[in-house]
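The structure appears below as structure tokens.
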Amino acid sequence: MTETILFVGIGVLVLLFAVWMIVTYRSLVQNSDKVKDKWSEVLELLADRFDLVTEMQNISKDSSENTSDFSKSSKTTLKYYAKAHQKDSIVDGIRAEKLLAKKTLPEFATILDNDSKLSNTKRVQDLESRIRYSDKEFKRIRSQFNNIVLDYNRRIENIPVNLIAKVAKFEPKEIFMDDSEARNNSIHTDFE
């Protein structure tokens, strides 16, 4: 009788452990899928920003100002956006965003400051509005992405879940930017 109870007890424990492993594994898969889904939203916004830089290039061609610096920085920015999208690369996305914030947008703003005829066109005003909207959306989506990644990374590092994560080869994911870096590199769209 005691042997039967012992075997039943062990069986129940093994069954509970197996159920826990399955539930934990499925939870990790769901978290991983959330990261992938949010990353696709980031990539979509990076593609939109690629289009915005292309539009800036097209507008700058109408300027009477020297646009060679802007032309170089915008081409490099576009290269990084394209790499981020093609290679699924967070690093290239970060590079594109930094370059956009530190060089491309300020240089474009300088072109507009020096060419009042161009800066007052409906086309430029529409672009400025699209850039502001894109910036706000990008900050929101980037923040959501980073939160999801941080949650995922915490889950796969916590004991005992980390055992299942290691066996199933769940790897930590990279955040897009940390909060302090994101604040330091936020895009300023004040063209006035």
Could you give me the residue pairs with C-beta distances under 8 Å whose first residue belongs to the range 77-101 and is touching a residue at least 60 places away in the same chain (Cβ under 8 Å), whose second residue is of a type in the set (S, T, N, Q) wherever it lies, and which are 6+ apart or on separate chains? 97/185; 98/185; 100/77; 101/185; 101/186
On the given criteria, is residue 20 closer than 30 Å to residue 163 by Cα, touching an Asp or Glu at 6+ places or on another chain (Cβ under 8 Å) and either buried (at least 17 other Cβ atoms within 10 Å of the Cβ) or not polar (S, T, N, Q) (or both)? no
Among the residues of the range 32-70 satisfying the criterion of being outside any helix (DSSP H, G or I) and of a type in the set (Gly, Ala, Ser), which is modelled with the highest pLDDT? 63
Consider residue 4 against the criteria (1) modelled with pLDDT under 95; (2) surrounded by 10 or more Cβ atoms within 10 Å (Cβ to Cβ): it satisfies all of them except one. Which criterion is unmet? (2)
Extreme residue, farthest from residue 124 (Cα to Cα), among residues of the range 25-46 that are of a type in the set (Lys, Arg) and touching a residue at least 60 places away in the same chain (Cβ under 8 Å): 34
Restricting attention to the range 125-177, which residues are over 29 Å from residue 55 (Cα atoms) and acidic (Asp, Glu)? 151, 157, 171, 174
Could you count how many residues in the range 85-112 are part of a helix (DSSP H, G or I) and farther than 15 Å from residue 69 by Cα? 12
Report yes if some residue within the range 135-147 is farther than 16 Å from residue 58 by Cβ, among the polar types (S, T, N, Q) and not in a helix (DSSP H, G or I); otherwise report no. no
Filtering the range 73-102 down to residues that are hydroxyl-bearing (Ser, Thr, Tyr) and surrounded by fewer than 19 Cβ atoms within 10 Å (Cβ to Cβ), which residue is farthest from residue 43 (Cα to Cα)? 76
Determine whether residue 49 is without any contact (Cβ under 8 Å) to a residue 60 or more places away in the chain, of a type in the set (D, E, K, R) and out of contact with any Lys or Arg (no Cβ under 7 Å at 6 or more places or on another chain). no
Given the conditions (1) in contact with a Leu (Cβ under 9 Å, 6 or more places away or on another chain); (2) within 18 Å of residue 52 (Cα to Cα), report the number of the one that residue 88 does not fulfil. (2)
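The values are calculated or read from the model by the stated rules, or taken from the named source; none is laboratory data. Here the structure is a predicted model, which means the values were calculated and not measured. Ideal geometry is used to build each Cβ from the backbone, glycine not excepted, and the neighbour counts take in all protein chains shown.
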